[in-house]
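The values are calculated or read from the model by the stated rules, or taken from the named source; none is laboratory data. Here the structure is a predicted model, which means the values were calculated and not measured. Here the Cβ positions follow ideal geometry from the backbone for every residue, glycine too, while neighbour counts run over all protein chains shown. Side chains included, ligands, DNA and RNA excluded: accessible areas come from the protein's heavy atoms. Shrake-Rupley method; radii C 1.70, N 1.55, O 1.52, S 1.80 Å.
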Amino acid sequence: MKNESNDILYMYMQASERFVLFNGLNFREFVNSLPYTLDSILLLKHQFDGGEYNLNVLLESASTEAITKLVKENVRAYGDFCWIDFEEAEGLDELDGREIAELLYLGHAKTHLNPRFSVN
């Protein structure tokens, strides 16, 4: 029987660029370790069926209720699982083509094209 737990926890936090990459910690453990509740996430790469499709970005998002379901899923089985949190669903409708392209690049390359994501 294969042991599902990881022996090594790898976490790379880049606070100045506002992102975290991790391995060895599942999504549930990550969400439960946050000092706040995730209200909305944009699913950049996933296989989750419970998201809400946004016609502007042509991607699915998950609200608090869907995140609760997602936390119960085995996202490791998805293979690549990439998401970004956001505050207001209306903001997704205001993104232009370049911003959407940057999000797609972020989901693919796990880095950003434009340094404006950094905190000054």
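Numbers at a glance
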quantity: The chain: calculated mean residue ellipticity at 222 nm from DSSP helix runs of at least 4, using -39500 (n - 2.57); calculated: -8000 deg cm²/dmol
quantity: Burial order of peptide ranges 58-67, 93-102 (average beta-carbon count within 10 Å, highest first); calculated: 58-67, 93-102
quantity: Residue-span extension gain [M11 to L113] - 0.36 nm each, minus C-alpha spacing; calculated: 34.6 nm
quantity: Amide H contacts of L44 (H built 1.01 Å from N, under 5 Å, at least 5 apart or other chain); calculated: C82, W83, I84
quantity: Förster radius 22 Å - calculated FRET efficiency between K45 and I100, Cβ distance, rounded to 0.05; calculated: 0.90
quantity: Exposure of V31 as accessible area (Å², to 10), given a probe of 1.4 Å and all protein chains; calculated: 20 Å²
quantity: Length gained when the stretch T68-T37 is fully extended (0.36 nm per residue, less Cα-Cα span); calculated: 10.1 nm
quantity: Trypsin sites (Lys or Arg not before Pro) restricted to the range 6-80 and DSSP loop, no more than 14 other C-beta within 10 Å; calculated: R18
